[in-house]
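Visitor: I'd like to ask you about the structure that follows.
The values are calculated or read from the model by the stated rules, or taken from the named source; none is laboratory data. All values reported here derive from a predicted model rather than from experimental measurement. Here the Cβ positions follow ideal geometry from the backbone for every residue, glycine too, while neighbour counts run over all protein chains shown. Just the protein is used for accessible areas: all its heavy atoms, side chains included, with ligands, DNA and RNA removed. Shrake-Rupley method; radii C 1.70, N 1.55, O 1.52, S 1.80 Å.
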Amino acid sequence: MRSPERITPGLAGAPTDVDLVVVGLGITGAGVALDAVTRGLSVLAVDAHDLAYGTSRWSSKLVHGGLRYLAKGQVGVAHESAVERGVLMEVTAPHLTRPMPVVVPLTSSVTRAQAALTSVGLRAGDALRRGARTAVETLPRPRRLSATETLALAPPLRPAGLRGGMLSWDGQLVDDARLVTTVARTAAAHGAVVRTRARVLGATGTEVRLRDELTGATTTVTARAVVNAAGVWAGELDDDVVLRPSRGTHLVLRADALPGLQVSVFAPVPGGTNRFVLVLPQPDGTVYVGLTDEPVDGPVPDVPEATEPEIGFLLDVVSACFARQLHRSDVVGAFAGLRPLLESGAGGSTADLSRKHAVLVGRSGVVTVVGGKLTTYRRMAQDAVDAALATPPAAGLAAGPCRTRALPLLGAAPRDRLAALEQPERLVRRYGTDAALVLADAVEVTGLAEDELLAPVAEGVAVTLAELVFGVTHEGAHDVADLLDRRTRVGLVPADRALAEPAARRALALVAGAAPGNR
Ligand SMILES: Cc1cc2nc3c(=O)[nH]c(=O)nc-3n(C[C@H](O)[C@H](O)[C@H](O)COP(=O)(O)OP(=O)(O)OC[C@H]3O[C@@H](n4cnc5c(N)ncnc54)[C@H](O)[C@@H]3O)c2cc1C
């Protein structure tokens, strides 16, 4: 079952001279690897830890239409976001995205003027969709709801004082880390060499010094271009890039904390104008509640942590909007991610790069791409590779034009074809047409029966052994944390993670014990 799209940990056998090295395998670096390799360049893409180790796994898991940028007058950024949302949902990743209905409840704390403003905003959002040529079948038009309709869609809302609501549609990812893994695997399928546990210690425009984090061995790789996609750590590789991160926190609740909720709810922050806390039901029986925006000083942590005041703020806003008072004990998990804010220089102020992305060519020749969104990763990658190809010595390379706009990721298919697949719904939702490959691979590697491979690994934990085995054989998972915290997201609920741990160990042992040709 060896297939070309394997991702492996460490640097054994990696090339020492390539056209382009990508540093970082969050969504940005994975996107750059895919863009570059499909233009015909030889690519080595590395991450110090694992795929999606950084900010990319701590997002709200939305595919944004750009409405927020429009509100700030950034029409170009808003249009770009809407275009990229359409590309993801209709061409490159229909399997990993779904239309998400959103209700804004008109509670007693929302004034008529605020409601009118929200309505204008939603109509503008629909204009963005039309401008991006995204079909109304993909994202239906927004509309006003009566109080009865609002409660039918979102039964746990507080009925007292509810005047009605507004229904609109945006895109939702099945999971952010799954998108990163799929983009990385697609890049590898096209010939990119993708390695985790490979840290870049230093970089210039033509050379990177690497350490294999499995063996400690260091090596130098020469290249015609080096792209720094290290996210909030980008400044560590190029002194010209100075970032000041800001933390965004989400809570994880069980679905039964807000029973019957079928839609996302944007809960108005009392006293705020156009500020909302997002309540986002997930397909796995959890609900995410986010998010905050807190400046972070000092060294950038590997894994940021939610603070108690942030948790309290989110619980208070949601409790004001829903009938049931939420308590700290309803919080079964919490996660935080860091937005990269670029230091603008003058007076220590920051420019919020989480809205738009920047491509900077440093004095060392390293091309840094930072900021943006998961939603816009494809465009960011295109711009970064264009910049690399315009910078000597890569300017001399024969590279084709960007191809990714019309390039479906592995497993992608139109929605009607996905709906007709016979494999279990969970596998189709996470692997698309590759669901059959996931199961066939697990059967071949382990020799176990399909029933055992497809059973939930523990009571109330929907993850299957088949997924865990595939994570090891095809997606570069090296240890329990890779499997539970990134290939699957069971780690977002620590109690579930503990239940799933034996299965992750078993998957690693099964693959290690398989005949070499089957690993
Ligand atoms: C709270 C929050 C919510 C968000 N929600 C959304 C959303 O709903 N939708 C959306 O579109 N966007 C969202 N975003 C934005 C989006 O998550 C980020 O823009 C995106 O994930 C950044 O990805 P990245 O690849 O640039 O960085 P990262 O994901 O941080 O990747 C950088 C990688 O570089 C690696 N690395 C660092 N140093 C080295 C080194 N020396 N050698 C090798 N590797 C190295 C790290 O291990 C890491 O894996 C959100 C952001 C935040 C903070």
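Visitor: Mean 1/r over all different Cα pairs, inverted: what Kirkwood radius does segment 217-342 give, in Å? Please report the intermediate quantities before stating the final value.
Guide: Working: mean 1/r = 0.0597 Å⁻¹.
This gives a value of 16.7 Å.
Visitor: Going highest first, how would you order 483-496, 30-43, 96-109 by mean Cβ packing within 10 Å?
Guide: With the highest mean Cβ count within 10 Å placed first, the list reads 30-43, 483-496, 96-109.
Visitor: I need the peptides 275-283, 188-196 ranked by packing, meaning the mean over residues of other C-beta atoms within 10 angstrom, with the highest value on top.
Guide: 188-196, 275-283
Visitor: Running Debye on segment 288-334 with equal point scatterers at the Cα sites and no solvent, what base-10 log of I(q)/I(0) appears at q = 0.31 Å⁻¹?
Guide: -1.34
Visitor: Right, here's the next one. Between the helical axis of 308-321 and the dominant principal axis of the chain, each derived from Cα atoms, what acute angle in degrees is found, rounded to the nearest 10?
Guide: 40 degrees
Visitor: List the pair-distance distribution P(r) of segment 16-69, using every Cα-Cα distance, as the percent of pairs falling in each 5 Å bin from 0 up to the bin containing the longest distance, rounded to whole percents.
Guide: Bins of 5 Å from zero give 4, 19, 22, 18, 15, 12, 7, 2, 1 percent of pairs.
Visitor: Here's something else I'd like to know. Report, in degrees rounded to the nearest 10, the 0 to 90 angle that the Cα long axis of helix 176-189 makes with the longest principal axis of the chain.
Guide: Its long axis makes an angle of about 30 degrees.
Visitor: Right, something else. Between segment 357-419 and segment 106-145, what is the C-alpha centre distance in whole Å?
Guide: 31 Å
Visitor: Just the accessible area per residue of segment 82-172, please: how many Å² with a 1.4 Å probe?
Guide: Working: 3760 Å² over 91 residues.
So segment 82-172 comes to 41 Å² accessible per residue, rounded to a whole number.
Visitor: So how compact is the chain: Cα radius of gyration and Dmax in angstrom?
Guide: Rg then Dmax for the chain, in Å: 22.5, 68.
Visitor: Also, I was wondering about something else. State the percent of C-alpha pairs, over all pairs in segment 406-511, separated by a distance greater than 22 angstrom.
Guide: Values: 1567 of 5565 pairs.
Every Cα pair in segment 406-511 considered, those over 22 Å come to 28 percent.
Visitor: Taking the alpha carbon gyration tensor of segment 356-406, what are the square roots of 5 times its eigenvalues, largest first, to the nearest whole Å?
Guide: Values: eigenvalues 75, 52, 4 Å².
With the √(5λ) rule applied to segment 356-406, the semi-axes are 19, 16, 5 Å.
Visitor: Using all C-alpha to C-alpha distances in segment 99-242, build P(r) with 10 Å bins and read off the rounded percent in each one.
Guide: Histogramming segment 99-242 at 10 Å steps yields 9, 23, 21, 15, 18, 13, 2 percent.
Visitor: Report relative contact order for segment 254-311 in percent, whole number only (criteria: Cα-Cα under 8 Å, sequence separation at least 6).
Guide: Details: 52 pairs, mean separation 13.9, N = 58.
It comes to 24 percent, rounded to a whole number.
Visitor: Hey, what angle do you get for helix 377-389 against the long axis of the chain, alpha-carbon based, 0 to 90 degrees rounded to 10?
Guide: 40 degrees
Visitor: Let me ask something else about it. What percentage of the solvent-accessible surface of the chain, computed with a 1.4 Å probe over protein heavy atoms, is contributed by carbon and sulfur atoms?
Guide: Values: 10680 of 19780 Å².
For the chain, the apolar C and S fraction of the accessible surface comes to 54 percent.
Visitor: Report, to one decimal in Å, the Kirkwood hydrodynamic radius for segment 185-255 based on all distinct Cα pairs. Numbers along the way, then the final one.
Guide: Working: mean 1/r = 0.0673 Å⁻¹.
It is 14.9 Å.
Visitor: With θ set to phi - 60°, apply the Karplus curve 6.51 cos²θ - 1.76 cosθ + 1.60 along segment 414-431 and write out the HN-Hα couplings as whole Hz, x wherever there is a Gly or Pro.
Guide: Those phi angles translate into x, 4, 5, 5, 4, 5, 8, 5, 8, 5, x, 4, 4, 5, 5, 5, 9, 10 Hz.
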